[in-house]
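The values are calculated or read from the model by the stated rules, or taken from the named source; none is laboratory data. Everything numeric here is computed off the predicted structure, so don't read it as measured data. With ideal geometry, Cβ positions are generated from the backbone for all residues, glycine too; neighbour counts draw on all protein chains shown.
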Amino acid sequence: MAKGIIDTQPPREKAFLVGVEFYQDDNLLTIDDSLEELSLLADTAGLDVVGSETQKRSKPHQKTFIGPGKANEIKLLAGEVDAQIILIDDELSPRHQRELEKLFGDDVRVLDRTALILDIFAQHASTREGTLQVELAQYEYRLPRLTRAWTHLARQAGGGGGRTGSAGGVGLRGPGETQLEVDRRDIRRRIDHLKDELDKVRAHRQRHRAQRKRARIPIVALVGYTNAGKSTLLNSLASADVYVADQLFATLDPTTRRVELPDSKPVLFTDTVGFIQKLPTHLVASFRATLEEIAEADLLLHVVDITHLNVQAQAKAVHQTLSEINADHIPVLTALNKIDLLHEPGAARQAMTDFPNAVAISALRREGISDLLAAVQRQLFDRYTSLEVLLPYREGKLISLFHNQGEVERIEHGSQGVLIQGRIPGRLVAEFSAYLKQQAGGA
């Protein structure tokens, strides 16, 4: 530190990591790799990792998740390094949380992986929408874990949405009602309010998507494991200024930019929150409005950090999450990013054999960007299917779908319905199969 400069930053809390490997576990990462990822998450949250311990079990212990003997061992190890936080690499049930808190004592806090990720999201949410989504996820996570230690809502959700209307419940307590019951009721009320606000956000997003569809501008959603380089790629594609940092979940709020393809056709690229293994279900539910941007896209651009040791596991985690949000039916183009960091030039070509429909790029150095845009153009415009359909007037949604998603070349209104001839994305042909008159094949 330079002479005369006073460091006003509070000291970072010390965290001790605990991972449990279950014999029938279907986790994508090994226990050591998962703990390494947890360590990166802890650093992003502002914690210093001072130690770690693992255990193998057939199933979680009924009371303490980890075995009681191992828990006591961890208590001693954490005490030797003055750890203030015990960080569990799984989501704990409310009972497991309570039992471990009793075992480790009042001087040590117990956090699970979900609470840590929620804290990171709370730190990084910068828009009103992101704040609402994070606050909702935090309250839904905390409600079943509420104990007397949480009374008067002392630990506010990081979303910053303000106190509940009863000032902690004082003055509203009924006969025999405990402060804990009041706080639970206040949290439920706050959850209902947040859901109402997010429904408004969702409706607003739907109107914007409808406008974009009417403008017939295709939408490409950037998806990928956290820290794969999605924001850097969006900056390279659109000369944008999206915030970029070498840390997990640096970007939460969706950003959309207009980009011109090689044939000058405009496309909208949308960057969304990165995925991760064991992504908390609270987050998936709370970020529904944002994740719908992915599910409504015409094409998914899967950004992969090709230099990562667990690249295949990360890619699998992304595809699992896409399935959870009902976006696994959308065509996928893969961008193998960070090829500038590969030691062997041939490694990129080898990697492309492991990922179908892939383009090797360096988003940071803008290598391969022209090839990527050409591939996007082929996916969006060169893989349309020409067809002719006779749609009954009652099928207004299909008529609108053809207009919004396809290219109408001829339209005639008759007594039996609307005859439309044109081209639509291949993934939508099945929607019109019952009314197909002619199919000219791919274009």
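Residue-by-condition table, conditions (1) farther than 30 Å from Pro266 by Cα; (2) modelled with pLDDT of 75 or more:
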{"residue": "Gly165", "(1), (2)": "yes, no"}
{"residue": "Asp183", "(1), (2)": "yes, yes"}
{"residue": "His193", "(1), (2)": "yes, yes"}
{"residue": "Arg205", "(1), (2)": "no, yes"}
{"residue": "Arg214", "(1), (2)": "no, no"}
{"residue": "Ile217", "(1), (2)": "no, yes"}
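Only one of the numbered conditions (1) in a helix (DSSP H, G or I); (2) assigned by TED's automatic domain parsing to the domain that holds Ala42; (3) buried (at least 17 other Cβ atoms within 10 Å of the Cβ) is not met by Gln138, and that is (2).
Between Leu336, Leu387, Leu322, which is free of Cβ contacts under 8 Å to residues at least 40 places away in the same chain and either buried (at least 20 other Cβ atoms within 10 Å of the Cβ) or assigned by TED's automatic domain parsing to the domain that holds Leu29 (or both)?
Numbers: Leu387 fails: free of Cβ contacts under 8 Å to residues at least 40 places away in the same chain; Leu322 fails: free of Cβ contacts under 8 Å to residues at least 40 places away in the same chain.
Of Leu336, Leu387, Leu322, the one residue that is free of Cβ contacts under 8 Å to residues at least 40 places away in the same chain and either buried (at least 20 other Cβ atoms within 10 Å of the Cβ) or assigned by TED's automatic domain parsing to the domain that holds Leu29 (or both) is Leu336.
Specify the residue that is farthest from the chain's Cα centre (by Cα); the eligible residues are those in segment 14-43 that are at pLDDT below 90 and of a type outside the set (A, V, I, L, M). Ranking the candidates gives Tyr23 first. All of Phe22, Phe16 fail the test of being touching a helix residue (DSSP H, G or I) at 6+ places or on another chain (Cβ under 7 Å), surrounded by 14 or more Cβ atoms within 10 Å (Cβ to Cβ) and either in contact (Cβ under 8 Å) with a residue 24 or more places away in the chain or acidic (Asp, Glu) (or both), apart from Phe16.
If I filter segment 72-89 down to residues being surrounded by fewer than 20 Cβ atoms within 10 Å (Cβ to Cβ) and of a type in the set (D, E, K, R), which single residue comes out as nearest to Glu140 (Cα to Cα)? It would help to see each step written out before you state the result.
To start, the set of residues in segment 72-89 that are surrounded by fewer than 20 Cβ atoms within 10 Å (Cβ to Cβ) comprises 72-73, 75-77, 79-82, 84.
From the residues that got through so far, the ones that are of a type in the set (D, E, K, R) too are 73, 75, 80, 82.
Details: Glu73: 32, Lys75: 29, Glu80: 35, Asp82: 31 Å.
Result: Lys75.
For segment 276-321, the tally of residues that are under 18 Å from Asp33 (Cβ atoms) and touching a Gly at 6+ places or on another chain (Cβ under 7 Å) stands at 3.
For (1) under 30 Å from Gln312 (Cβ atoms); (2) of a type in the set (S, T, N, Q); (3) without any contact (Cβ under 8 Å) to a residue 24 or more places away in the chain; (4) surrounded by 15 or more Cβ atoms within 10 Å (Cβ to Cβ), each residue gets a yes or a no:
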site: Asp26; (1), (2), (3), (4): yes, no, yes, no
site: Leu41; (1), (2), (3), (4): yes, no, no, yes
site: Glu91; (1), (2), (3), (4): yes, no, no, yes
site: Phe104; (1), (2), (3), (4): no, no, no, yes
site: Asp107; (1), (2), (3), (4): no, no, yes, no
site: Val110; (1), (2), (3), (4): no, no, no, yes
site: Ala115; (1), (2), (3), (4): yes, no, no, yes
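Hey, does segment 278-286 have a residue that's more than 19 Å from Ala315 (Cα to Cα), within 11 Å of the chain's Cα centre (by Cα) and modelled with pLDDT under 75? Yes - at least one qualifying residue is present in segment 278-286. Scoring Leu309 on the criteria (1) outside any helix (DSSP H, G or I); (2) of a type in the set (A, V, I, L, M, F, W, C); (3) closer than 22 Å to Ala297 by Cα leaves a single failure, condition (3).
What do you reckon, is Thr114 of a type in the set (Val, Ile, Thr), at pLDDT 90 or above and under 18 Å from the mean Cα position of the chain (by Cα)? Give the steps one after another, and end with the answer.
Details: of a type in the set (Val, Ile, Thr): yes; at pLDDT 90 or above: yes; under 18 Å from the mean Cα position of the chain (by Cα): yes.
Against the criterion (of a type in the set (Val, Ile, Thr), at pLDDT 90 or above and under 18 Å from the mean Cα position of the chain (by Cα)), Thr114 qualifies.
If you go through segment 417-434 and keep only what is modelled with pLDDT under 90 and farther than 21 Å from Pro331 by Cβ, you end up with just Ala434.
Scanning segment 364-390 for residues that are in a loop (DSSP other than H, G, I, E, B) and among the hydrophobic types (A, V, I, L, M, F, W, C) turns up just one, Leu364.
If you check Gly46 against the conditions, is it within 18 Å of Pro280 (Cβ to Cβ) and either surrounded by fewer than 16 Cβ atoms within 10 Å (Cβ to Cβ) or over 20 Å from the mean Cα position of the chain (by Cα) (or both)?
no
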